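Colleague: Here's a structure for you.
The values are calculated or read from the model by the stated rules, or taken from the named source; none is laboratory data. Predicted model, so just to flag it, every value in this text is computed and none were measured. No Cβ is skipped: glycine too gets one built from the backbone with ideal geometry, and neighbour counts run over all protein chains shown.
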């Protein structure tokens, strides 16, 4: 009984610990990459591409096949010994083994094999592109949760201040120091602040739900760990957007995938040109046959099976040379089509480069604007805090009305929210630049 109680306690403690788990950013990204359905599908596409390589490699080996057949004959047949027609029943068959090998077909097999290997690399790059997009999406959603948490904390602080003001105003009203209208205004402000807490809690719950759905985990008891984001600084920016772009050209999978597409197009051209060249194949076969009469007279016997197979054994060796002469310009059309496809691939590469450059330039300008917004929000918040400190003193001494005091406090709340929003906006946009530069964005 004691053992059962210990086991039950351990289980409850484990479940409680699991329910209190707070996901780090790295855990969120790793979980998403491991469990995302699209990622799993893309991994299967890699396996298919690898099987294509195996299939194309098989063309370098000879093919080997065995065959056998049999037939049962009834009725009249010609007897070569007596030169008469006789009625008999016979059973016969054949056995054979054949092999063939493609000696040369314009390097089609070799180029197909090389192209299939490029297909594997291209599929891996497809996966990397997808994983990068998912990782960036998780980072953005994770930061949205942290943003919502900070907004909630600000709302709670303001609500707590309002509660204390109600207690103070109530005492003043009971002492006859302020009219009932001032007390009602303070209570109204406190109610609005309490409502704002509920609004911010709902915003946090929505942000957590979006992240949980992105990770494909249960929303129940889902939470994330607080991440030290520090204070944004212009020092985090790169010198120019071109610095990021030049580095991105060397590490972005989209660019490598576009380059591989050009290589695949080159092999398409070579494969199409193979139809201009002759092809040579060889074949070898060995076979034998046997036969038995089922209507032999008494005392007679059929030759033994293995003796027949040995006596009738035969071999064959051959080759086939195919020289293309004219096929209605179909080969020309195939080659020209392949060349056009290569031009399309080259244009796609330039398009990918242009898209990457424009994205980085926009991200760089957004980051510069975001840091300026953050710096301005910091100055504004400092000023609003000082103004609120003065307003608090004036209000405590009765030198400021409740309405004017609330106006100052509202500006302080707005300044705090603006700073939080500017901070996370800059952090994400900076991480986007780090992402394109090839740096780790999970820390």
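Colleague: Is one or more of the residues making up the stretch 281-297 free of Cβ contacts under 8 Å to residues at least 12 places away in the same chain and at negative phi?
Modeller: Checked against the condition, which is being free of Cβ contacts under 8 Å to residues at least 12 places away in the same chain and at negative phi, the stretch 281-297 yields at least one hit.
Colleague: Would you confirm whether or not the stretch 311-331 contains a residue that is assigned to a helix (DSSP H, G or I), loosely packed, with under 15 Cβ neighbours inside 10 Å and either at pLDDT below 95 or in contact with a helix residue (DSSP H, G or I) (Cβ under 8 Å, 6 or more places away or on another chain) (or both)?
Modeller: Checking the stretch 311-331: at least one residue is assigned to a helix (DSSP H, G or I), loosely packed, with under 15 Cβ neighbours inside 10 Å and either at pLDDT below 95 or in contact with a helix residue (DSSP H, G or I) (Cβ under 8 Å, 6 or more places away or on another chain) (or both).
Colleague: Inspect the stretch 345-368 for any residue being assigned to a helix (DSSP H, G or I), touching a strand residue (DSSP E or B) at 6+ places or on another chain (Cβ under 7 Å) and either under 30 Å from residue 253 (Cβ atoms) or in contact (Cβ under 8 Å) with a residue 12 or more places away in the chain (or both) and give the result as yes or no.
Modeller: no
Colleague: Is the stretch 418-439 home to any residue that is under 30 Å from residue 182 (Cβ atoms), surrounded by 15 or more Cβ atoms within 10 Å (Cβ to Cβ) and in contact (Cβ under 8 Å) with a residue 24 or more places away in the chain?
Modeller: Yes.
Colleague: Okay, moving on. Scan 115, 137 and give me the residue that is touching a residue at least 60 places away in the same chain (Cβ under 8 Å), under 29 Å from the mean Cα position of the chain (by Cα) and surrounded by fewer than 18 Cβ atoms within 10 Å (Cβ to Cβ). Steps first, answer last, please.
Modeller: Details: 115 fails: surrounded by fewer than 18 Cβ atoms within 10 Å (Cβ to Cβ).
Sole residue among the options that is touching a residue at least 60 places away in the same chain (Cβ under 8 Å), under 29 Å from the mean Cα position of the chain (by Cα) and surrounded by fewer than 18 Cβ atoms within 10 Å (Cβ to Cβ): 137.
Colleague: Let me ask something additional. State all residues of the stretch 181-191 that are free of Cβ contacts under 8 Å to residues at least 60 places away in the same chain and surrounded by 14 or more Cβ atoms within 10 Å (Cβ to Cβ); if no residue qualifies, say none.
Modeller: Hits for the stretch 181-191 are 183, 187, 190.
Colleague: Please pick out the residue among 166, 178 that is free of Cβ contacts under 8 Å to residues at least 12 places away in the same chain, touching a helix residue (DSSP H, G or I) at 6+ places or on another chain (Cβ under 9 Å) and on the phi < 0 side of the Ramachandran plot.
Modeller: 178
Colleague: Residues of the stretch 249-291 being in contact with a helix residue (DSSP H, G or I) (Cβ under 8 Å, 6 or more places away or on another chain) and closer than 30 Å to residue 93 by Cα, which ones?
Modeller: 288, 289, 290, 291, listed by residue number.
Colleague: Can you name the condition, by its number, that residue 238 falls short on among (1) within 30 Å of residue 112 (Cα to Cα); (2) under 30 Å from the mean Cα position of the chain (by Cα)?
Modeller: The failed condition is (1).
Colleague: Quick one: residue 7 ticks every box in (1) at pLDDT 90 or above; (2) surrounded by fewer than 15 Cβ atoms within 10 Å (Cβ to Cβ); (3) out of contact with any strand residue (DSSP E or B) (no Cβ under 8 Å at 6 or more places or on another chain) bar one, so which box is it?
Modeller: (1)
Colleague: Additional query: Looking at the stretch 288-303, is at least one residue part of a helix (DSSP H, G or I), out of contact with any strand residue (DSSP E or B) (no Cβ under 8 Å at 6 or more places or on another chain) and exposed (fewer than 13 other Cβ atoms within 10 Å of the Cβ)?
Modeller: Within the stretch 288-303 (the criterion being part of a helix (DSSP H, G or I), out of contact with any strand residue (DSSP E or B) (no Cβ under 8 Å at 6 or more places or on another chain) and exposed (fewer than 13 other Cβ atoms within 10 Å of the Cβ)), the answer is no, since none of the residues qualifies.
Colleague: Now for a separate question. Quick check on residue 221: is it over 30 Å from residue 121 (Cβ atoms), in contact (Cβ under 8 Å) with a residue 24 or more places away in the chain and in contact with a helix residue (DSSP H, G or I) (Cβ under 8 Å, 6 or more places away or on another chain)?
Modeller: yes
Colleague: Can you name every residue in the stretch 218-247 that is modelled with pLDDT under 90, farther than 24 Å from residue 26 by Cα and not in a loop (DSSP other than H, G, I, E, B)?
Modeller: 234, 235
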